[in-house]
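Peer 1: One structure follows; several queries about it will come next.
Where a number appears in this text, it was derived from the coordinates with a stated rule and is not lab data. Just so it is clear, the structure is predicted and the values come from calculations on it, not from any experiment. Glycine gets a Cβ as well: all are built from the backbone with ideal geometry, and neighbour counts include every protein chain shown.
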Amino acid sequence: MTIAFETAGGLAIFLLGINFFSESLKKMSSHSVKRFLEKVTSSPLSGTLVGLAVTALIQSSSATTVLTVGFVNSGLMTFSQAIGIVYGANIGTTVTAQIMAFNLSSIALPVLMVGVVLMMFFNKDLIKNIGTFFVGFGLLFYGMLMMTEAVAPLKNSPKIINIFLQFADKPIRGVLAGILVTFVIQSSSATVGLVLALMQANLVDINGAIPLILGNNIGTCITALLASLNSNMAAKRVVAAHFGFNIIGTIIVLILLDPFKHFVNFFTKYVTLTSDPVRQAANAHTLFNVLNTMLFLPLTKYYTALIEWLFKGKEDAKPKRAIFLDKNLLKSPFIAIEAIIKEINRGLDLSVESLLTLSEHLLNKPNKQKLEVLLENESIMDTQQYEITNYITLLATYEMGEKVAASIPEVLHATNDLERIGDHQQNLYNIYKRQIGSRVNLPEKNLHKLVDMIDVIIEFTKFIQVNLKEDKLIDLSIAHNFESRINELRDSCQQDYFHILQEYKDVPFLSTIVYDYILNLEKIGDHLTNISEHLSLVSEF
């Protein structure tokens, strides 16, 4: 019982270390992760390199895969782009094993002490994150030491030795054990750390370690599976591709187990220049994923087609709810803010569609059914506001840097302005309906001024969209110039209001219709200016 408690305690400290280690790297590299992910193209090789780099930065293949599921589910990335990231994430996670194989437990406590000092006595985010990194590093190796010392007495137990020998004699049992342990503790790095601790205690040799590591690779897919349960079809395909990648690779290695062992031994002896069995296990972990990726890369086109054929399904052409707000992104607040901005940009798309439709109806023969798009889009924009607000509420519960925290009120205000734009477009629909019901036509001069006003608003909206899409700082001088142009057109239309009153005395409500059009279009311009000002502050971060 003492051995069980000590092993569990060591594992708990190890998991805590992994968490500190990973979280500190996430915070220090959130901008870098975003830049890497932006470089993903349709090329599987570029995706692989990005996945490797991101996982090496945040030290968690599960986090990278879950993040990728979130990107695909939110439409920030396609399935074909994501599949390369899955390959790279599997390679990137082996960096942790390579670090652990150095057995730096002798410096664990001094490093831990340095980390605690940096965390407790410095206020700057960067210094605190470096301190968290050192704390994680120290806990990781101290946990490894505790597990090694805890399991060491087991080598005197023939029954325990016999159990571990079965993993070598019957590799499938080892694979299943690796899957089970990884599923239970939800950390592939912890499973590998436990295997390395067993090797350091001479309880497991390389023959028993390889099946456990193979099972660990499959078990780590379960985290992404759980993350995708409420996701769209594209995100489910990412998880299926992740499972398939590891299962197929494991089957191939089991078939060619002896040649693979010889290759691992050769690589360890002549490339890493050591015969250390712990390093052998770390190399086996790395080589499995590298060789598997080399096998899959040239076949990605066919593998992608197979996954798409097995998991068929269509997405809604025009979803009625927010599509970019995946909860898996909340663990990386900087990227979650990007997702919110993407959703705001989608709302601006809906606004442009509504205004173009109104403009067509003002100039051409009315089509009542088509004009209903203004009401449909207003309903979607209402839903966006509700879901973005809830998403921000969830985001606020996560730890984040000062700059990201400062951006939250700005995106919330921008979201509210977007919803008000939808309200004014619903008003425009009602005004047009009132105009048609009254069987009156707008004077030609006023009609074209209204259409000009709509054109400037659309141009203003697209200016904001381009800057958000390209992650550029919004030039407020240009935004204010758009507002001035809208106000000039408003003033001109308002001057015509009194002429309409004089010329169309027999149609007294015509001037009111024109005035209501002007008022709502001008308000949309005001809200676009507000969005520019709020999101320009976010762009600075």
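Peer 1: I'd like the orientation of helix 61-73 relative to the chain: the angle between its Cα long axis and the longest Cα principal axis, in ° from 0 to 90, rounded to 10.
Peer 2: Around 20 degrees separate the two axes.
Peer 1: Does anyone have the angle between helix 300-310 and the longest principal axis of the chain? Alpha-carbon axes, 0 to 90°, nearest 10?
Peer 2: The two axes meet at around 70 degrees.
Peer 1: Additional query: Give me 221, 493 ranked fewest to most by other Cβ atoms within 10 Å of their Cβ, as a rough exposure proxy.
Peer 2: Least crowded to most crowded, the residues run 493, 221.
Peer 1: If you don't mind, another one. Relative contact order for the range 327-539: what percent, with Cα pairs under 8 Å and sequence separation of 6 or more?
Peer 2: 29
Peer 1: Okay, next question. Give the separation of the Cα centroids, the range 157-195 to the range 401-451, in Å.
Peer 2: 61
Peer 1: Determine, for each peptide in 465-475, 188-198, 329-339, 420-430, the mean count of other beta carbons within 10 angstrom over its residues, then list the peptides with the highest first.
Peer 2: Result, highest mean first: 188-198, 329-339, 420-430, 465-475.
Peer 1: From the Cα gyration tensor of the range 394-478, with a ≥ b ≥ c the square roots of its eigenvalues, which class applies: rounded if a/c is under 1.5, or else prolate if a/b is larger than b/c, or else oblate?
Peer 2: It is oblate, given that a/c is not under 1.5 and a/b is not larger than b/c.
Peer 1: Put +1 on the Cβ of each Lys and Arg and -1 on the Cβ of each Asp and Glu in the range 327-539; which of 357, 454, 484 then has its Cα farthest toward the positive end of the dipole?
Peer 2: 357
Peer 1: Moving to a separate point now. Taking Cα atoms, how many degrees apart are the long axis of helix 125-151 and the longest axis of the chain, rounded to 10 and kept between 0 and 90?
Peer 2: The angle comes out at about 30 degrees.
Peer 1: Give the residue from 197, 528, 112 lying farthest towards the positive end of the charge dipole for the chain; charges sit on Cβ (+1 for Lys and Arg, -1 for Asp and Glu) and the dipole is referred to the Cα centre.
Peer 2: Farthest along the dipole direction, towards plus: 197.
Peer 1: Right, here's the next one. Rounded to the nearest 20 Debye, what is the dipole magnitude of the chain about its Cα centre when Lys and Arg each give +1 and Asp and Glu each give -1 at the C-beta?
Peer 2: Roughly 1900 debye, rounded to the nearest 20.
Peer 1: So what is the calculated 222 nm ellipticity per residue for the chain, using -39500 (n - 2.57) for each DSSP H run with n of 4 or more, over all residues, to the nearest 500 deg cm²/dmol?
Peer 2: It comes out at -27500 deg cm²/dmol, rounded to the nearest 500.
Peer 1: Another one. Does the range 2-310 come out rounded, prolate or oblate, given a ≥ b ≥ c as the square roots of the eigenvalues of its C-alpha gyration tensor, rounded meaning a/c under 1.5 and, failing that, prolate meaning a/b above b/c?
Peer 2: Cα axes put the range 2-310 in the oblate bin.
Peer 1: Given 403/472; 462/523; 472/523; 312/342, which pairs have Cα atoms separated by over 23 Å?
Peer 2: 472/523; 312/342
Peer 1: Expressed as a rounded percentage, what relative contact order does the chain have, with Cα pairs under 8 Å and six or more residues apart?
Peer 2: Relative contact order, the chain: 14 percent.
Peer 1: Is the chain rounded, prolate or oblate when judged by the Cα gyration tensor, a ≥ b ≥ c being the square roots of its eigenvalues, rounded requiring a/c under 1.5 and prolate requiring a/b larger than b/c?
Peer 2: Prolate is the answer for the chain, as a/c is 1.5 or above and a/b outweighs b/c.
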